[in-house]
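The values are calculated or read from the model by the stated rules, or taken from the named source; none is laboratory data. On a predicted model such as this, the values are computed, not experimentally measured, just so you know. Every residue, glycine among them, receives a Cβ derived from its backbone with ideal geometry; neighbour counts consider all protein chains shown. Only protein heavy atoms, including side chains, enter the accessible area calculation; ligands, DNA and RNA are left aside. Shrake-Rupley method; radii C 1.70, N 1.55, O 1.52, S 1.80 Å.
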Amino acid sequence: MPGTRSTGLLALGGIALAALLTVIGHLEVNDDLDPWALTVSDFAVSDRGGVIDIAMVVLAVATVALLYGLRRATPARPGRAAELLLGAWVTGLLLAAVVPTNEPGTAMTLAAYVHRYASVVAFLALPVAGWLLARRSELAPVARTLRALVLLSLALAAAMIWSAYPGDRLLIGLAERLLIVTEVAVLATIALTQARAAVDHGVVAPHQRGHRGVNRPPQLHDRREGAATPARAA
């Protein structure tokens with residue numbers, strides 16, 4: 001399945017690039033921003049249209065490639081529910097990249113609310129999609145890992161919600177970054193497994209190479225060596 005392998009590798013490359021751009025975006029911020037107390041969106045709005053926004057778009061494109069590869073894989077498509085949830089993740093990422101949040105310490109605007117709830121939908125959609133995809137036969141080798149990552153991401157999402165409301169934003173930046181890392185790990189696990197599975201399907205077993213005549217019928221084997229067949233012997 002060379003096409004599936006290509007999409008898996010493309011998704012892995014996109015995930016790696018998005019991670020690199022996000023790190024660069026944190027290092028290039030000129031303001032005195034605290035990553036433990038402020039979200040990634042707070043960093044992105046300080047550099048509108050910068051590398052963090054680009055990273056979200058790249059991650060969305062990587063997910064589309066991953067979904068395309070899953071649809072091409074056998075024995076079945078990922079399922080309507082999983083497709084819709086991955087689509088919600090992609091849509092949420094793109095909206096969050098295009099529609100900015102408010103500057104830290106300022107009043108929430110309509111755009112900020114759109115950004116917030118697009119992010120919430122994305123953060124919740126991906127873990128559920130990962131749980132559903134763990135049922136697929138080709139992902140069976142990593143099903144336990146996927147489910148563990150999903151449960152961890154849901155716990156981190158709950159921690160972030162607590163911090164955003166009753167917790168007075170205590171360590172909300174840390175909770176969000178751990179959540180992002182965990183959810184990106186879900187995508188990376190699926191993409192890596194997809195690429196490896198595609199390679200395995202294209203490998204010819206060693207005992208099949210150069211031994212095409214081993215299982216030929218006995219009577220043909222006898223004829224090559226000049227032995228008389230039962231009919232001739234009679």
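With a 1.4 Å probe rolled over the protein heavy atoms of all chains, the accessible area of 43, 123 falls in the order 123, 43, largest first. The trypsin sites (Lys or Arg not before Pro) of region 1-107 that DSSP puts in a loop, and whose beta carbon has at most 15 other beta carbons within 10 Å, are 48. Applying both filters, DSSP loop and at most 15 other Cβ atoms within 10 Å, to the GluC sites (Glu not before Pro) of region 130-192 eliminates every site. Of the residues 26, 115, ranked by 1.4 Å probe accessible area with the largest first, the sequence reads 26, 115. Cα gyration tensor of region 28-101, axes a ≥ b ≥ c as square roots of the eigenvalues: rounded (a/c below 1.5), prolate (a/b > b/c) or oblate? Judged from the Cα gyration tensor, region 28-101 comes out prolate (a/c at least 1.5, a/b above b/c). With Cα atoms defining each centre, region 141-190 and region 60-122 are spaced 15 Å apart in the structure. Scalar couplings 3J(HN,Hα) for region 181-189, obtained by applying the Karplus form with A = 6.51, B = -1.76, C = 1.60 to θ = phi - 60°, are 4, 5, 6, 5, 5, 4, 4, 5, 5 Hz; x denotes Gly and Pro. Electrostatic tally near residue 143: other residues with Cβ closer than 15 Å to its Cβ, Lys and Arg +1, Asp and Glu -1, net +4. Near residue 131, once Lys and Arg are set to +1 and Asp and Glu to -1 for all other residues with Cβ below 13 Å from its Cβ, the sum equals +3.
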